[in-house]
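J.: Following this message is one structure expressed as structure tokens.
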Amino acid sequence: MPGLETSWFDDAPKRRRYLAGISGGADSVALLEMLKLHGFRDVIVCHLDHGLRGRAAAADAKFVAKLAAAAGYQCESGKVDLGPRMESVSMETAAREARHRFFAACSRKHRCPRVLLAHHADDQAETLLWNLLRGSRGLAGMRASQTIGCDGRRIEFMRPLLSLRRQELRDWLAARKIAWREDASNALPVAVRNRLRNEALPLLAEIARRDVTESLLRAAEASADQRAIERWAVAQAGVRDPQGRLHVPKLRSLPPELQAACVHDYLMDAGVTGLSRDLIGRCTLLLADGSPPAVNLPGGKCLRRKAGRMFVVGA
């Protein structure tokens, strides 16, 4: 495909089964079209209606079902009501949780632990900026491949379009005369990502007189290099016991910065999200004598200290 980075599609095993999250928007339609063109045969198209857009959402589901049929792929459609959950968390969080449960159900039904997502470079820039604003520990973005726990399943989320820009994908679809669905709510200031995409990033670009997305992506690459060094140091520290728990005496022997890195990587591996610098700091306080025996974590979990070990318990 001229002009597009397609190395993942060239190299990935074509006979392996994949689930593909397809909304009907330009990005996911491009993902589906690339899978078809590269000869992927065993793809399960997964589409979830979040129950927020009425008739437009029903039309999206029909559109995706037609795309799947035209490509010769199976299609799994679902619908949820986010209303009750949005009483306690944001719309974005409720929607993400619903998608994870849906993907877990599809994974269980089709015996497939891999989900392809259509996140691209502009999505990555929004994620980097939002995580910085929330107090992330360094430049934290999405990874090209990430395995997390979803409703009792271990699922690998794969993002083969992460190096491509939004406009590149739309131009590629337009050149091939391939239609997609536009979500009118993306232009409304009703969600954090919408405001970052439509207000914050354009304003920053105007102030800086440059493509801020490219600047954020370059900074993330530099941060990734530092993270690689940090992960090496964490591995050398060897603070996990044979059961995978954190060994408190070993942690206490490390410099504070390496203690934080070890706790951060352990929580990430345990599937804990929202790992801000403040949260990691509160977790490392468990190492102090006389400190409380547990720290609450996102998702109804907690990090507990008991008998010289620290470990995650809860939902």
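J.: Look at R111 and say whether it is modelled with pLDDT of 95 or more and surrounded by fewer than 17 Cβ atoms within 10 Å (Cβ to Cβ). Quick ask: steps written out before the conclusion?
T.: Details: modelled with pLDDT of 95 or more: yes; surrounded by fewer than 17 Cβ atoms within 10 Å (Cβ to Cβ): yes.
Yes.
J.: From the set of residues in the range 99-108 that are among the charged types (D, E, K, R) and surrounded by fewer than 18 Cβ atoms within 10 Å (Cβ to Cβ), which is farthest from A56 (Cα to Cα)? Quick ask: steps written out before the conclusion?
T.: Narrowing the range 99-108 to residues among the charged types (D, E, K, R): 99, 101, 108.
This time we only want the ones that are surrounded by fewer than 18 Cβ atoms within 10 Å (Cβ to Cβ), so: 101, 108.
Details: R101: 23, R108: 29 Å.
Result: R108.
J.: Please verify whether E257 is acidic (D, E) and either under 26 Å from G138 (Cβ atoms) or surrounded by 12 or more Cβ atoms within 10 Å (Cβ to Cβ) (or both), treating the condition exactly as stated. Before the answer, list the steps.
T.: Numbers: acidic (D, E): yes; either under 26 Å from G138 (Cβ atoms) or surrounded by 12 or more Cβ atoms within 10 Å (Cβ to Cβ) (or both): yes.
Considered against the rule, which asks whether it is acidic (D, E) and either under 26 Å from G138 (Cβ atoms) or surrounded by 12 or more Cβ atoms within 10 Å (Cβ to Cβ) (or both), E257 comes out as yes.
J.: Just a yes or no: is a residue in the range 106-125 at negative phi, under 16 Å from the mean Cα position of the chain (by Cα), of a type in the set (S, T, N, Q) and assigned to a strand (DSSP E or B)?
T.: no
J.: Within the range 60-105, restricting attention to residues that are among the acidic types (D, E) and under 18 Å from the mean Cα position of the chain (by Cα), which residue is modelled with the lowest pLDDT? First the steps, then the outcome.
T.: Residues of the range 60-105 among the acidic types (D, E): 60, 76, 81, 87, 92, 97.
Subset that is under 18 Å from the mean Cα position of the chain (by Cα): 92, 97.
On the way: E92: 82, E97: 87.
Checked the range 60-105; the qualifying residue modelled with the lowest pLDDT is E92.
J.: For the condition of a type in the set (V, I, T) and surrounded by 15 or more Cβ atoms within 10 Å (Cβ to Cβ), what is the one hit in I207, I155? Step through it out loud before you land on a result.
T.: Working: I207 fails: surrounded by 15 or more Cβ atoms within 10 Å (Cβ to Cβ).
Only one candidate qualifies: I155.
J.: Only residues that are in a helix (DSSP H, G or I) and hydroxyl-bearing (S, T, Y): list them for the range 158-187, please. First the steps, then the outcome.
T.: The first filter runs over the range 158-187 and keeps only residues in a helix (DSSP H, G or I), leaving 166-175, 184-187.
The one that is in a helix (DSSP H, G or I) and hydroxyl-bearing (S, T, Y): S185.
J.: Which of the following residues is assigned by TED's automatic domain parsing to the domain that holds R166, under 27 Å from S7 (Cα atoms) and either among the charged types (D, E, K, R) or surrounded by fewer than 18 Cβ atoms within 10 Å (Cβ to Cβ) (or both): R85, R96, R41, R55? First the steps, then the outcome.
T.: Details: R85 fails: under 27 Å from S7 (Cα atoms); R96 fails: under 27 Å from S7 (Cα atoms); R55 fails: under 27 Å from S7 (Cα atoms).
It is R41.
J.: Restricting the search to the range 139-157, which residues are assigned to a loop (DSSP other than H, G, I, E, B) and either under 24 Å from E230 (Cα atoms) or at pLDDT 90 or above (or both)?
T.: Step one: of the range 139-157, the residues assigned to a loop (DSSP other than H, G, I, E, B) are 139-144, 151-152.
Scanning the range 139-157 gives L139, A140, G141, M142, R143, A144.
J.: Of all residues in the range 22-57, which are in a loop (DSSP other than H, G, I, E, B) and among the basic types (K, R)? It would help to see each step written out before you state the result.
T.: Pass one, the range 22-57, residues in a loop (DSSP other than H, G, I, E, B): 22-25, 38-42, 50-53.
Answer for the range 22-57, where residues must be in a loop (DSSP other than H, G, I, E, B) and among the basic types (K, R): R41, R53.
J.: Follow-up question, since we're still on this one. Test D151 against the criterion of being assigned by TED's automatic domain parsing to the domain that holds H50 and in contact with a helix residue (DSSP H, G or I) (Cβ under 6 Å, 6 or more places away or on another chain), and give yes or no.
T.: Details: assigned by TED's automatic domain parsing to the domain that holds H50: yes; in contact with a helix residue (DSSP H, G or I) (Cβ under 6 Å, 6 or more places away or on another chain): yes.
Considered against the rule, which asks whether it is assigned by TED's automatic domain parsing to the domain that holds H50 and in contact with a helix residue (DSSP H, G or I) (Cβ under 6 Å, 6 or more places away or on another chain), D151 comes out as yes.
J.: Select from the range 5-21 the residues that are hydroxyl-bearing (S, T, Y) and not in a strand (DSSP E or B) and write down the one among them that is surrounded by the most Cβ atoms within 10 Å (Cβ to Cβ).
T.: Going through the qualifying residues, I end up with T6.
J.: Would you list the strands (runs of 3 or more DSSP E) that sit entirely within the range 233-315 and hold 1 or more residues that are outside the structural domain of H100 (by TED's automatic domain parsing) and farther than 26 Å from R154 by Cα? Quick ask: steps written out before the conclusion?
T.: Details: elements: 294-297, 301-306, 309-314.
Filter on the range 233-315 gives 301-306.
J.: Are there any pairs with C-beta distances below 7 angstrom linking a residue in the range 85-113 that is farther than 22 Å from R195 by Cβ to a residue that is part of a helix (DSSP H, G or I), with the two at least 6 apart or on different chains, and if so which?
T.: Pairs that qualify, where the first residue is farther than 22 Å from R195 by Cβ and the partner is part of a helix (DSSP H, G or I), are P113/S107.
J.: Then there's this: Part of a helix (DSSP H, G or I), of a type in the set (A, V, I, L, M) and under 23 Å from A57 (Cα atoms) - does that describe any residue in the range 193-208? Step through it out loud before you land on a result.
T.: Taking the range 193-208 as the starting set, the residues that turn out to be part of a helix (DSSP H, G or I) are 193-208.
Narrowing further to those that are of a type in the set (A, V, I, L, M): 196, 200-201, 203-205, 207-208.
Filter once more, keeping what is under 23 Å from A57 (Cα atoms): none.
No, that holds for no residue.
The values are calculated or read from the model by the stated rules, or taken from the named source; none is laboratory data. Everything quoted here is computed from the prediction, not taken from an experiment. Note: ideal-geometry Cβ built from the backbone for every residue, glycine included; neighbour counts use all protein chains shown.
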